[in-house]
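Okay, so here's the structure we're looking at.
The values are calculated or read from the model by the stated rules, or taken from the named source; none is laboratory data. All values derive from a computational prediction rather than experimental measurement. Every residue, glycine as well, gets a Cβ built from its backbone with ideal geometry; the counts of neighbours run over all protein chains shown.
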There are 2 protein chains.
Amino acid sequence: MLRRKRIIAGIDLGGTSMQVLIVDQRNNILAEAKAPTRRAKKPLGVVADIAKAVEEAMTNAGLKRSDLTAASIGAPGPVDRDRGIVHEAPNLGWFEFPLGPALAKRLRVPVVLENDVNAGTLGEHVLGAGVGASNLIGIFVGTGIGGGLIINSKLYEGSHGGAGEIGHMLIVLDGPLCGCGHRGCVEAVASRTAMERDVRAAIKSGRKSCVLELMKRRNKTRMTSSVINAALKRKDPVMREVMERAQRYLGILVANVVNLLDPECVVIGGGLAGRLGELYVGPIREYAHEHFFREKDVKRVRIVPGKLADNAGAFGAVVVARRRLR
Amino acid sequence: MLRRKRIIAGIDLGGTSMQVLIVDQRNNILAEAKAPTRRAKKPLGVVADIAKAVEEAMTNAGLKRSDLTAASIGAPGPVDRDRGIVHEAPNLGWFEFPLGPALAKRLRVPVVLENDVNAGTLGEHVLGAGVGASNLIGIFVGTGIGGGLIINSKLYEGSHGGAGEIGHMLIVLDGPLCGCGHRGCVEAVASRTAMERDVRAAIKSGRKSCVLELMKRRNKTRMTSSVINAALKRKDPVMREVMERAQRYLGILVANVVNLLDPECVVIGGGLAGRLGELYVGPIREYAHEHFFREKDVKRVRIVPGKLADNAGAFGAVVVARRRLR
């Protein structure tokens, strides 16, 4: 009987932490679990941690391990869906790792694999801010910037499974160096990492800012979304300036892809959008409107923050699993 | 009997001239005709000219007017496919003109309407340089820059019929003013119009160039593809510099859309690619490779000049008609 409920564990595997959701057939979240991603460990150690988090969440949901129908992972990098391989996950130091089979062996259920941003986009499309849109663009801003595309109501993965690298579209000619080795990518000028670099440079050049103090007080070594939020609330001038520049770049990015793809909806997801919501997305929307080619798009293209916050990737992974295992 | 052959007139309606192809069911070109687009005339006058060109081509093909099954037009602007309306064609000075019904009345056959660049992309996909690609990007460079997208082997028109405005993606922050009113669009830095502006500015600033002389000798008021070709053959330094800059911008544009859409093929069409071929597309390809996010794409994404030259739009219009009238 319970088996019929098709309980699926959706996992969003990030570079610093993993999020697990136990979801039933009607998309009710029965339980969740969060655990750090200990990337210093070998890949199989991380797999053991994932299995443990899934088991813990199942217990919290009042279910036995045998009640689990399948697990599905959103992984931070390009994946081979058929063979369950993570081609490359720079944040984890993984290269060609068979995550799917390894986790399937531990959990003894089928395991489905998808890129985390594609999963997040699908999550927002099926259950979040993008419900009903037949063409949708997901943009997830965090330490990096990733994108996902829904075309004709389906996840579009491209000819070689690599579509959606929106963060590596060039936006500033000869601009700052990006993690990918190129210059001027959107990720290199508008991600949280880029913003932190710019804030630190401004402080180093002698400008006053409360950001470093806020980080120290929160015991953070990085400029997290909560630090950014606190600095903006204090009207920190450096933070405001850096934020506005990032929003302008993201607005132009949004306009570029809207001009190209003519979608109904653009969902801005990730930590910053989750924490700041309209405060973050509002100015991005205004900059985008300034660069729309079609006047009419101002009224008919929705640019909205994601609704599922940290759950988008794990929820999307569940949706992927349900479709693939059908 | 002849009626069964499904003779279709494909028309590419440009701002300066129109190209008509008479095509049979097996995609043989039975005849063609070219005529100037006399845009000083009223829209119905242009419609009469189109009808005349179609009739002339039918005669050249040894066919009677009654042998014509349908006509199909690629129009220079966004269109309403269902009602046969050209929403806006700045090059013709048209606004909400019912081109489809007007031509249908004259030719007494069904008339199908599509945007010219979409038609050109479809032409190259079905019969030209992009045969077999399930995901393909068409980029047409001329007085402007237009784009067309084939996604999952079908023309992708977006949620509101406006997809493919690749020429109005911003590539130079605060760059030169574009015809659309924004700054730094690809069209404003890499179209033939932008190149002519840059060549004229260089000459005005005192640099030596043979371009104006070549134009005069050919009786051209504009820097046409043949003028560009002749100037490059003479190794005109201004022309070479301006061309290389335009190629760099186009290379970055290609990389941006490849990074986003992960296609198998990018077809560069339009007058310059038709005239210069590999001389034009080669450097664009090299610049694109420099900006690819996925190393592997260098080997697996083809970047090629169009094969159908001036016939792409008219041929594509025929393909559109055949699909819609099926």
- request: Say whether the condition of being surrounded by fewer than 19 Cβ atoms within 10 Å (Cβ to Cβ) and over 30 Å from A:Arg65 (Cα atoms) is met by at least one residue in the stretch A:144-152.
  value: yes
message: Name the single residue that is surrounded by the fewest Cβ atoms within 10 Å (Cβ to Cβ) among those in the stretch B:268-326 being closer than 30 Å to B:Pro110 by Cα and in contact with a His (Cβ under 9 Å, 6 or more places away or on another chain).
response: B:Val319
Residue in the stretch B:264-295 that is farthest from B:Val227 (Cα to Cα), counting only those that are modelled with pLDDT of 95 or more and acidic (Asp, Glu): B:Glu264
Index of the failed condition, B:Leu127 passing every other in (1) closer than 29 Å to B:Lys64 by Cβ; (2) at pLDDT 95 or above: (2)
- prompt: Given the residues A:Val172, A:Val257, which is the only one that is facing chain B (nearest Cβ under 9 Å), part of a helix (DSSP H, G or I) and at negative phi?
  reply: A:Val257
task: For the stretch B:223-230, state whether one or more residues are under 23 Å from B:Asn91 (Cα atoms) and in a loop (DSSP other than H, G, I, E, B).
output: yes
message: Looking only at the stretch B:188-222, filter to residues that are of a type outside the set (Lys, Arg) and not in a helix (DSSP H, G or I); which one of those is nearest to B:Ile171 (Cα to Cα)?
response: B:Ser191
task: Working carefully through the options B:Leu261, B:Leu232, find the one that is modelled with pLDDT of 95 or more and surrounded by 20 or more Cβ atoms within 10 Å (Cβ to Cβ).
output: B:Leu261
task: Would you point out the residue of the stretch A:135-163, among those that are assigned to a loop (DSSP other than H, G, I, E, B) and more than 7 Å from chain B (Cβ to nearest Cβ), that is nearest to the chain's Cα centre (by Cα)?
output: A:Gly142
message: Against the definition (within 22 Å of the chain's Cα centre (by Cα), more than 18 Å from A:Arg322 (Cβ to Cβ) and surrounded by 16 or more Cβ atoms within 10 Å (Cβ to Cβ)), how does A:Gly15 come out, yes or no?
response: yes
message: Considering only residues that are among the small types (Gly, Ala, Ser) and modelled with pLDDT of 95 or more, which ones fall in the stretch B:147-171?
response: B:Gly147, B:Gly148, B:Ser153, B:Gly158, B:Ser159, B:Ala163, B:Gly164, B:Gly167
query: So which of A:Lys204, A:Lys208, A:Lys220 is surrounded by fewer than 19 Cβ atoms within 10 Å (Cβ to Cβ) and either modelled with pLDDT under 95 or in contact with an Asp or Glu (Cβ under 6 Å, 6 or more places away or on another chain) (or both)?
result: A:Lys220
Residues of the stretch B:64-79 classified as modelled with pLDDT under 95 and either among the aliphatic types (A, V, I, L, M) or over 26 Å from B:Asp24 (Cα atoms) (or both), total: 3
